[in-house]
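Just passing along the structure, written as structure tokens.
The values are calculated or read from the model by the stated rules, or taken from the named source; none is laboratory data. Here the structure is a predicted model, which means the values were calculated and not measured. Neighbour counts are summed over all protein chains in view; Cβ atoms, including those assigned to glycine, are modelled from backbone coordinates with ideal geometry.
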Amino acid sequence: MSNPLISARGLTKKFGDFTAVNGIDFDVYKGESFGFLGPNGAGKSTAMRIIGATSQRTSGTISILGKDPELHGPQIRAHLGVVPQQDNLDMQLSVAENLYIYGRYFGLSRKFVKGKVDELLAFAQLEEKRDAKVENLSGGMKRRLTIARALVSEPEILMLDEPTTGLDPQARHILWDRLFRLKEQGVTLLITTHFMDEAEQLCDRLIVMDKGSIMAEGSPASLIKNYATKEVLEIRFGSDRNQEMGAKLRTMCERIEELPDRVLMYTEDGEALLEKIYAADFHPKTSLVRRSSLEDVFLRLTGRTLIE
Amino acid sequence: MAVAIAEKRVGKLGERVYSGRVPQLLERGFIAFKSSTYMIVISGFLEPVLYLLSFGYGIGKLLPTITVGSETIKYAAFIAPALLATSAMNGAIYDSTMNVFFKLNHDRIYHGMLATSMGPLDVALGEIGWALLRGFSYACAFMAVIAPLGLVESVWGLLAIPAAVLIAFGFASCGMAVTSYMKSFQQLEIVNMFLLPMFLFSGSFYPISVFPQWLQFTVNLMPLTHAINLVRGLCLGHINMALLGHALYFVVMIVFGLIFTTKRLNALFMK
């Protein structure tokens, strides 16, 4: 494979006594969509800020396009489009003005940026909101505008920190669609998320992070293959009985997780397992057979769920 | 293209914190001004005019002239330069405290700016530059009011405009440094607690020679006193070495404020 765009070795960030990122190694290659999956506080955003040359590492090495962000901040940031977790649009300006001035911040010419604004308004489906004040936009529109803004400098790497947190399902799907298009155009995407469906949808390859460390790395499919079974049977006996029933069912499947609200049974064939359970005279209140997901991978690796 | 632009600065002084984007930040100021902030600017201009009308006319009736050194001048001509200096200060302080605080903590605009190929010194100079432009336009507008009224005694008074910019520069760069430490909106009140007494006691409305020695000494340490003495000296044509001293006070404020602001912005954004 060619040289990685981003390469980190033993990357560590401490805030006082607290270690936010604990010696992580990863490589990101051109054109791929790379994810950081983990719960809040896993160190994903901190890692993103170090890559974005707006935070200084405590130790380890990182190179972005062959450069050290500590020494070449402005030059590295010229390659990046950043979509922060918290929108930081310019509330005093209109939608189009936000895009325009952001391009100017990169030193781009007025003429170039003006052409870009029209193109990006179309991309973000915000043409009708062109002259609207930013504060009057919906959450989904603000997010799309933030992404469009990050594209104004035609970056090679687009970094998205929790891109769909706080959005309703429809807004999320519109946004995912836009990100797919960028991926098709060959933009390298860096995404942090605590939504396993988002990671499965968008990422070619990801690292699963918890408490500042990498727990696993691979494609969504390979992670599921390595850390979970093909299917999961979710059954509920009522919150006071899940624990007790879990203990009785343990021998019937490869692995079992007893959560407060449900029991997860890992198996290659969920329907067959459910029949066996009924045959053994157990009567769950509800049952659901589904494909294993990254959520199950995370549960396996850490014993905890992603969203707590 | 953005990359080629950024690469041009490699090897130049301050390349890690500065990318030469002050004009772009001023451009943002103009766009925002057109659409939303013009009311604040108008009120900033009206304030000294209202003071001049109320005090110059009101007190001017009771006290038509005032003696400064060996010269007797109209009362309104005594306070006009002080109001010019004060409005330069107020405009600069408003921009560098209230405005900066909101952009920093509420709208998080600087976070967005610093994710581009700009650096913290660009942001500091851009914001301060905007405060200066405002200080400059206030000074010109106020001058256009007081000169026809015959309240500027000397042609040296023209230099009061660049002096007002210097004053605004000093206050803006220190104001921004102070604001970077503020954690809440309420803490900004501390700035006002400092400004109001300074305005009232710095010799705006009467010479500070009426104060007891210890108070005169304290007042002479305050930046606004030097600002007023500088502008008043120029407007009255009292040109002497003391004016250089007053100007130097602001040069020190500027250097000190800029160093601090850049350090603080680096600490805040490069955590």
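Yes/no matrix, rows are residues, columns are (1) over 30 Å from B:V100 (Cα atoms); (2) crowded, with 20+ Cβ neighbours inside 10 Å; (3) in contact with a Ser or Thr (Cβ under 7 Å, 6 or more places away or on another chain); (4) without any contact (Cβ under 8 Å) to a residue 60 or more places away in the chain:
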site: B:E7; (1), (2), (3), (4): no, no, no, yes
site: B:G11; (1), (2), (3), (4): yes, no, no, yes
site: B:Y38; (1), (2), (3), (4): no, no, no, yes
site: B:P48; (1), (2), (3), (4): no, yes, yes, no
site: B:Y51; (1), (2), (3), (4): no, no, no, yes
site: B:S54; (1), (2), (3), (4): yes, no, no, yes
site: B:G58; (1), (2), (3), (4): yes, no, no, yes
site: B:K61; (1), (2), (3), (4): yes, no, no, yes
site: B:Y75; (1), (2), (3), (4): yes, yes, yes, yes
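Looking at segment A:102-125 only, could you name the residues that are within 8 Å of chain B (Cβ to nearest Cβ) and of a type outside the set (F, W, Y)?
Of everything in segment A:102-125, those that are within 8 Å of chain B (Cβ to nearest Cβ) and of a type outside the set (F, W, Y) turn out to be A:R104, A:G107, A:L108.
Any chance segment B:40-58 includes a residue that's farther than 27 Å from B:N266 by Cα, within 14 Å of chain A (Cβ to nearest Cβ) and out of contact with any Cys (no Cβ under 6 Å at 6 or more places or on another chain)?
The answer is yes; a qualifying residue exists.
Okay, moving on. Quick one: would you say A:G166 is in a loop (DSSP other than H, G, I, E, B), out of contact with any strand residue (DSSP E or B) (no Cβ under 9 Å at 6 or more places or on another chain) and either in contact (Cβ under 8 Å) with a residue 60 or more places away in the chain or of a type in the set (A, V, I, L, M, F, W, C) (or both)?
In short, no.
In segment A:63-101, which residues are more than 7 Å from chain B (Cβ to nearest Cβ) and in a helix (DSSP H, G or I)?
If the condition is that a residue be more than 7 Å from chain B (Cβ to nearest Cβ) and in a helix (DSSP H, G or I), then A:I76, A:V95, A:A96, A:N98, A:L99, A:Y100 are the ones that fit.
Can you name the residue in segment B:194-240 that is of a type in the set (G, A, S) and touching a residue at least 12 places away in the same chain (Cβ under 8 Å) and is also nearest to B:A172 (Cα to Cα) among such residues?
Checking each candidate, the answer is B:A227.
Could you figure out which of (1) in a helix (DSSP H, G or I); (2) within 14 Å of chain A (Cβ to nearest Cβ) isn't true of B:R9?
Every listed condition holds for B:R9 apart from (1).
Still on this structure, I have one more. Just need a number here: residues in segment A:36-60 that are farther than 23 Å from B:H111 by Cβ and among the small types (G, A, S).
Residues that pass the stated criteria total 2.
From B:G135, B:G129, B:G170, B:G112, grab the single residue that is assigned to a helix (DSSP H, G or I) and either within 14 Å of another protein chain (Cβ to nearest Cβ) or in contact with a Cys (Cβ under 8 Å, 6 or more places away or on another chain) (or both).
B:G112 is the lone residue from the list that is assigned to a helix (DSSP H, G or I) and either within 14 Å of another protein chain (Cβ to nearest Cβ) or in contact with a Cys (Cβ under 8 Å, 6 or more places away or on another chain) (or both).
Of the conditions (1) surrounded by fewer than 21 Cβ atoms within 10 Å (Cβ to Cβ); (2) closer than 30 Å to B:L26 by Cβ, A:S138 clears all except one; give me its number.
(2)
What about A:S63, is it over 15 Å from B:L114 (Cβ atoms), without any contact (Cβ under 8 Å) to a residue 60 or more places away in the chain and not aliphatic (A, V, I, L, M)?
So A:S63 fits the description; yes.
Under 7 Å between Cβ atoms, at least 6 apart or on separate chains: pull out the pairs that start in segment A:126-153 with a residue that is at the interface with chain B (Cβ under 10 Å from one of its Cβ atoms) and end on any residue that is small (G, A, S) and surrounded by fewer than 21 Cβ atoms within 10 Å (Cβ to Cβ).
From residues that are at the interface with chain B (Cβ under 10 Å from one of its Cβ atoms), the pairs are A:D131/A:S94; A:D131/A:A96; A:K133/A:S94.
Has segment A:12-29 got at least one residue that is over 21 Å from A:L167 (Cα atoms), among the polar types (S, T, N, Q) and within 11 Å of another protein chain (Cβ to nearest Cβ)?
Looking through segment A:12-29, none of the residues is over 21 Å from A:L167 (Cα atoms), among the polar types (S, T, N, Q) and within 11 Å of another protein chain (Cβ to nearest Cβ).
Sticking with this structure for a sec: Going by what's in this entry, would B:V17 be described as within 9 Å of chain A (Cβ to nearest Cβ) and either among the hydroxyl-bearing types (S, T, Y) or crowded, with 19+ Cβ neighbours inside 10 Å (or both)?
yes
Among the residues of segment A:46-57, which ones are assigned to a loop (DSSP other than H, G, I, E, B) and either modelled with pLDDT of 95 or more or facing chain B (nearest Cβ under 10 Å) (or both)?
Hits for segment A:46-57 are A:G52, A:A53, A:T54, A:S55, A:Q56.
Which of the following residues is in contact with a Cys (Cβ under 9 Å, 6 or more places away or on another chain), more than 30 Å from A:K211 (Cβ to Cβ) and touching a residue at least 24 places away in the same chain (Cβ under 8 Å): A:L273, A:L249?
A:L273
Residue-by-condition table, conditions (1) acidic (D, E); (2) closer than 30 Å to A:D161 by Cα; (3) in contact with a Leu (Cβ under 7 Å, 6 or more places away or on another chain); (4) not assigned by TED's automatic domain parsing to the domain that holds A:T165:
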| position | (1), (2), (3), (4) |
| --- | --- |
| A:K211 | no, yes, no, no |
| A:E234 | yes, no, yes, yes |
| A:F237 | no, no, no, yes |
| A:I256 | no, no, yes, yes |
| A:E268 | yes, no, no, yes |
| A:T305 | no, yes, yes, yes |
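On the basis of being out of contact with any helix residue (DSSP H, G or I) (no Cβ under 8 Å at 6 or more places or on another chain) and in the same structural domain as A:A216 (by TED's automatic domain parsing), does A:D87 make the cut?
no
Within segment A:207-308, considering only strands (runs of 3 or more DSSP E) that don't extend past its boundaries, which have at least 1 residues that are small (G, A, S)?
Here the list reads A:213-218, A:286-291.
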